[in-house]
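Inspection log for the structure reproduced underneath, given as C-alpha cells.
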Amino acid sequence: MQNRNHRRTSPAAYLALLCAGAAMAQPPQPPALSLQDAEATALKNHPQIQAAQNEAEYSNQQITVARSPYFPVIAGDVTASAANIGSRIGAGYLTDSRLFNRYGQGITFSQLVTDLGRTKNLVASSQLNSQAAAQNVTATKYDVLLAVNRAYYSVLRAQAVVRVAQQTVDARQLLLDQVNALARNNLKSQLDVSFAEVSVSEVKLLLINAQDAVDEAYAELARAMGTDQVTNYRLTDEPLPPSPAPVPDALIAQAMKDRPELASLNLSRESSHKFAEAEKDLSRPSVSLVGTAGYTPYIQQLTSQVIPPEYAGAAVNVNIPVFNGHLFSARREAANYRAMEADQRLRDEQQRIARDVRVAWAGAVTAFQRIDVTAQFLRQAALGLNLAQGRYNLGLSSIVELTQAQLSQTQAEIENLNAKYDYQSQNAALQYTIGALR
C-alpha cells in the first residue's frame, strides 16, 4: 500500500522544472559593455597611458634635480692612514703631500651662493618640461579614447552586417526552397534553381566574411581597451550625434586652444628657450661657500708644535671661466639651435592640426549626408524587391531580376548601416582633432 501511495507532482511543478532545465541549457549571456565603460577601462588599463604617466613622474623628479644646487651639500668623512714617515708624495692628486699616521672624522659642506641665474633657468626649464609631460599624458588619453571609439563602432557595424547577412541567408534559402518545390512540379526550370542556389552561396560567403570582421573588430577593441583577453561583449548602441558645424573655422580656433599636443609643444618650446638661457650663463662666474670641520682622536706629532685634535675651516670660492676649448660657446649655440627647432616644430604642429580639423570636418559632413541618401536607397531597394518578387510570382520576370533586386536590398541595408556607424566614428575623430574628446 505504501508503494502505491506515491505523491503526484503537480503540473505547476513540472512547468517550473522544465523552465529551470531550459534556463540551465541556455548559454550564458556575454557581459554588457557601453562606450563609457570601454573608455573607462582603457583609461585605467592601457599601457600607453601608464607609460606616459611614468614619464610625467620622471619629469617631476627632474625639477628636484635642477633645484638641488640651492641647498647645501653635506658629506661625512672618516679617514685613517698609515704612512712612510718623512716621505713626500711626488705625483698624483691627493690633498696633502705630507705623509704621517693619523685617524680622523669630520664633515664637509658646500653651498652655492650664486651662479648668476643659471640654476634659476634650469629649474624653470625643468618645470616647463614637467608641464609638457602632463600635457602628453592628456594627449595619450585622447589617442586611446579615439582608438576605443573607432573599435567600438567597428564592432557594432560588423555585428549589424552579420545580422543583415543572416537575414538575407534566411530569405534566400526560403526562396530556394520555394523554387525547388516549383521545379519539382514543373512550374519552374532548373535554371531558376541554379540561380537561387548561386544566390544562397553568395550571401553565405558574405555571412562568413562578416563573422570574420566581427572577430577582428573584437580583437581591435580589446587592444584599444588595453586588456589581454578578447571578450565578446554585448555592446550598447549609441545615439547619433548632431550634425557638424557648417564651417570649420570655429573648430580650428578651438583646436588651437584645446589640443594637448599644442600645449605640450608650446611648453617644450619655452623650456628650450629657458635651457638656452641657462647655457649662456655657463660663461658667467659662480660663487660658492665651502667648509670643513671634524675631530682627529689620533695624530702622530712630528714636530714640537702640537697639532690640536679639533679642526675647522671655511672659504669662499669664485670660479671665473676663462677658456675651456670653446665648450661653453658650443653648448650655448647647440641650445639656441634646439630652441629654434622647437619653434618650428610648434609651427608645423599648428599647421598639421588645422589640416586635420578641416579633413575631419569634411569627413563628418560627408558621412552625415550619406545617412539620408542611404536611407532613401534602402527604401527604394525594398520597394524594388517587393515589385520584383511580385513579378516573379506572376511569371512576368526571370529569377535574375529577383536576385538582382535582393542583392540591391542587401547592399542598401549594409550601406545604410555603414553610413550610421561611419558618421559616429567620423564625429569621434572630429571631436579628437578639436581637443573635445573626453
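The values are calculated or read from the model by the stated rules, or taken from the named source; none is laboratory data. Keep in mind that what you see is a predicted model, and the values were worked out from it rather than measured. Here the Cβ positions follow ideal geometry from the backbone for every residue, glycine too, while neighbour counts run over all protein chains shown. Quick note on the areas: whole protein, heavy atoms, side chains included, nothing else; ligands and nucleic acids left out. Shrake-Rupley method; radii C 1.70, N 1.55, O 1.52, S 1.80 Å.
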Selection status of Asp177, assigned to a helix (DSSP H, G or I) and open to solvent by 60 Å² or more (accessible area, probe 1.4 Å): yes
Do any residues in segment 93-118 that are under 12 Å from Ile299 (Cβ atoms) and hydroxyl-bearing (Ser, Thr, Tyr) have Cβ atoms under 7 Å from those of residues that are open to solvent by 40 Å² or more (accessible area, probe 1.4 Å) and at pLDDT below 95, where the two are at least six apart or on different chains, and which pairs are they? Tyr103/Ala80; Tyr103/Pro297; Tyr103/Tyr298
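Yes/no matrix, rows are residues, columns are (1) in a helix (DSSP H, G or I); (2) farther than 30 Å from Gln135 by Cβ; (3) acidic (Asp, Glu):
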{"position": "Thr366", "(1), (2), (3)": "yes, yes, no"}
{"position": "Ala382", "(1), (2), (3)": "yes, yes, no"}
{"position": "Ala388", "(1), (2), (3)": "yes, yes, no"}
{"position": "Arg391", "(1), (2), (3)": "yes, yes, no"}
{"position": "Glu401", "(1), (2), (3)": "yes, yes, yes"}
{"position": "Gln406", "(1), (2), (3)": "yes, yes, no"}
{"position": "Asn418", "(1), (2), (3)": "yes, yes, no"}
{"position": "Asp422", "(1), (2), (3)": "yes, yes, yes"}
{"position": "Tyr432", "(1), (2), (3)": "yes, no, no"}
I'm checking my understanding of the structure. Among residues of segment 398-424 that are among the small types (Gly, Ala, Ser) and open to solvent by less than 20 Å² (accessible area, probe 1.4 Å), which one is farthest from Thr168 (Cα to Cα)? Ala419
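The rows are residues; the columns are (1) more than 29 Å from the chain's Cα centre (by Cα); (2) within 24 Å of Glu261 (Cα to Cα); (3) in contact (Cβ under 8 Å) with a residue 24 or more places away in the chain; (4) open to solvent by 60 Å² or more (accessible area, probe 1.4 Å).
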site: Leu33; (1), (2), (3), (4): no, no, yes, no
site: Gln48; (1), (2), (3), (4): no, yes, yes, yes
site: Asn54; (1), (2), (3), (4): no, yes, no, yes
site: Ala66; (1), (2), (3), (4): yes, no, yes, no
site: Ala83; (1), (2), (3), (4): yes, no, no, no
So which residues in segment 314-358 are touching a residue at least 60 places away in the same chain (Cβ under 8 Å) and open to solvent by 90 Å² or more (accessible area, probe 1.4 Å)? Val316, Arg338, Arg345, Arg358
Which residues, counting only those in segment 165-174, are crowded, with 21+ Cβ neighbours inside 10 Å and among the hydrophobic types (A, V, I, L, M, F, W, C)? Ala165
Long-range neighbours under 6 Å by Cβ, at least six apart or interchain, first residue without any contact (Cβ under 8 Å) to a residue 40 or more places away in the chain and farther than 19 Å from Asn393 by Cβ within segment 162-180, second of a type in the set (Val, Ile, Thr) and surrounded by 15 or more Cβ atoms within 10 Å (Cβ to Cβ): Val169/Val203
Only one of these conditions is not met by Ser268: (1) surrounded by 14 or more Cβ atoms within 10 Å (Cβ to Cβ); (2) at pLDDT below 95; (3) outside any loop (DSSP other than H, G, I, E, B). Which number is it? (2)
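Inside segment 181-196, can you point out the residues that are crowded, with 16+ Cβ neighbours inside 10 Å, out of contact with any Ser or Thr (no Cβ under 8 Å at 6 or more places or on another chain) and assigned to a helix (DSSP H, G or I)? Break it down into steps so the answer makes sense when it comes.
Our first condition is that a residue be crowded, with 16+ Cβ neighbours inside 10 Å; within segment 181-196, this holds for 183, 188, 192-193, 195-196.
Going one step further and asking which of them are out of contact with any Ser or Thr (no Cβ under 8 Å at 6 or more places or on another chain), we end up with 188, 193.
The answer is Val193, and nothing else.
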Among the residues of segment 277-296, is any open to solvent by less than 60 Å² (accessible area, probe 1.4 Å), in a helix (DSSP H, G or I), small (Gly, Ala, Ser) and under 20 Å from Met340 (Cβ atoms)? yes
